[in-house]
Amino acid sequence: MSEKVYFNHDGGVDDLISLFLLLQMDNTELIGVGAVDADSYVGPSVQASRKIIDRFGHGVNLAVATSNSRGVHPFPKEWRISTYSENALPILNESGKIVTPEANEPAHLDLLHKLQSSSDKVTLVFTGPLTDLARALELDSSITKKIKRLVWMGGTFLEKGNVEEPDSDNTQEWNAFWDPEAVKTVFDSDIQIDLVSLESTNNVPLTQAVRLHWAAQRRYPGLDFIGNSYAFVPELGLFETYSTYYLWDVLTTCYFYDSSLVKTKEVKCDVSTKTPSDGRTFLTENGRKANLVYDVDNTKFFELIDELAKKVD
Ligand code: AGV
Ligand code: CA
């Protein structure tokens with residue numbers, strides 16, 4: 001039987017590649033897609049999402065919802081800009097038109113109504129901030145009964161996060177930092193949560209070897225698309241910078257599909273909502289239970305990306 005999935009993303013390169021990969025997964029029925037501003041500009045992000053569904057969706061009938069959620073801590077503009085490049089990729093514009101429509105409701109209402117009307121439980125895959133889910137929960141807390149589990153790229157329990165901003169103590173992960181209160185709302189619900197946090201994503205940096213591996217297979221349109229997309233984000237050079245890219249969201253999406261790629265352990269956690277550590281996730285005996293993904297089999301992970309990407313022509 002196929003698993004129903006709702007995907008909410010924030011338009012980064014790895015968010016859009018995640019959408020591409022979700023469209024290739026067996027026994028996976030994508031029932032909705034929402035895009036939130038955050039690490040992108042939501043206009044080109046929604047357009048790029050619709051084009052990806054057109055080009056790589058095997059005829060699936062979907063609409064993409066635009067979020068009107070706004071965060072507390074804005075992402076750096078230098079990162080958000082890549083979504084314009086992604087939207088301009090020739091492979092997404094060859095047909096000269098967009099067929100997949102926009103949803104007629106904002107993303108949090110699209111999510112709410114899709115959950116309310118679903119007869120089966122739905123898995124949520126979130127690769128950006130949790131704002132749209134928190135807003136849906138605030139409108140109707142009974143939707144938790146319709147949620148099988150939430151797979152979220154976010155948070156970390158390491159000493160150092162990936163935020164380096166003047167109003168941060170550097171302990172946070174960005175998706176949690178954008179809207180800390182939303183994380184709190186979701187953590188306070190009884191949704192089962194799988195956390196794909198920096199513990200595991202730090203193991204999948206975008207290296208030169210990875211880029212070469214994709215480049216060597218660019219005769220496959222799916223791998224050409226992935227290679228071109230990642231060309232819009234800076235290379236991991238001789239030293240790690242604030243802009244070093246990891247395959248954060250792609251690991252999250254692949255874990256959703258094949259949990260044997262990773263190791264997980266149960267943790268009890270909470271989130272701070274107090275500046276300058278707001279958005280910091282931390283372990284505490286009084287916290288909520290979550291399944292923490294903390295390690296990944298690199299070889300199997302990259303093999304799965306190849307396998308899925310080769311399903312399109
Ligand atoms: O914190 C990781 C999240 C993921 O959902 N995003 C990027 C992924 O889509 C924020 C982010 C952290 N560091 C970044 C980010 C960087 N160097 N460039 C772009 N985005
Ligand atoms: Ca993201």
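Every number in this text was worked out from the coordinates using simple rules, so none of it is lab data. Predicted, not measured: the structure shown is a model, and the values here were computed from it. Cβ coordinates were reconstructed from backbone atoms using ideal geometry, including for glycine residues, and neighbour counts include every protein chain displayed.
How about region 128-156: which of its residues are polar (S, T, N, Q) and either under 12 Å from Tyr6 (Cβ atoms) or surrounded by fewer than 20 Cβ atoms within 10 Å (Cβ to Cβ) (or both)? Ser141, Ser142, Thr144, listed by residue number.
Restricting region 1-39 to residues that are away from ligand 2 (no atom under 13 Å from the Cβ) and part of a loop (DSSP other than H, G, I, E, B), the residue that is farthest from the chain's Cα centre (by Cα) is Met1. Would you check which residues across region 57-85 are farther than 20 Å from Phe126 by Cα and assigned to a helix (DSSP H, G or I) and list them? Across region 57-85, the qualifying residues are Lys77, Glu78, Tyr84, Ser85. The single condition from (1) surrounded by 24 or more Cβ atoms within 10 Å (Cβ to Cβ); (2) under 21 Å from Gly154 (Cβ atoms) that Ala48 fails is (2).
One residue stands out in region 44-91 among those that are aliphatic (A, V, I, L, M) and touching a residue at least 60 places away in the same chain (Cβ under 8 Å): the one that is nearest to Val183 (Cα to Cα), namely Val72. Reported count of residues in region 246-266, each being within 11 Å of ligand 1 (Cβ to nearest atom), in contact with a Leu (Cβ under 6 Å, 6 or more places away or on another chain) and closer than 12 Å to Glu199 by Cα, is 0. For region 121-135, indicate whether the set of residues that are over 26 Å from Ser259 (Cα atoms) and either not charged (D, E, K, R) or not in a strand (DSSP E or B) (or both) is non-empty. Yes, region 121-135 contains a residue that is over 26 Å from Ser259 (Cα atoms) and either not charged (D, E, K, R) or not in a strand (DSSP E or B) (or both).
Residues checked against (1) away from ligand 1 (no atom under 14 Å from the Cβ); (2) farther than 15 Å from Asp132 by Cα:
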| site | (1), (2) |
| --- | --- |
| Val5 | yes, yes |
| Gly11 | no, no |
| Leu16 | no, yes |
| Leu23 | yes, yes |
| Asp26 | yes, yes |
| Gly32 | yes, no |
| Val36 | no, no |
| Asp39 | no, no |
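For Val163, the test of being in contact (Cβ under 8 Å) with a residue 24 or more places away in the chain, outside any loop (DSSP other than H, G, I, E, B) and within 20 Å of the chain's Cα centre (by Cα) is failed. Restricting the search to region 166-202, which residues are assigned to a loop (DSSP other than H, G, I, E, B) and either under 16 Å from the mean Cα position of the chain (by Cα) or within 11 Å of ligand 1 (Cβ to nearest atom) (or both)? Across region 166-202, the qualifying residues are Gln172, Glu173, Asp179, Ser197, Asn202.
Counting just the residues of region 175-193 that are within 16 Å of ligand 2 (Cβ to nearest atom) and not hydrophobic (A, V, I, L, M, F, W, C), which one comes out nearest to Ser18 (Cα to Cα)? Checked region 175-193; the qualifying residue nearest to Ser18 (Cα to Cα) is Asn175.
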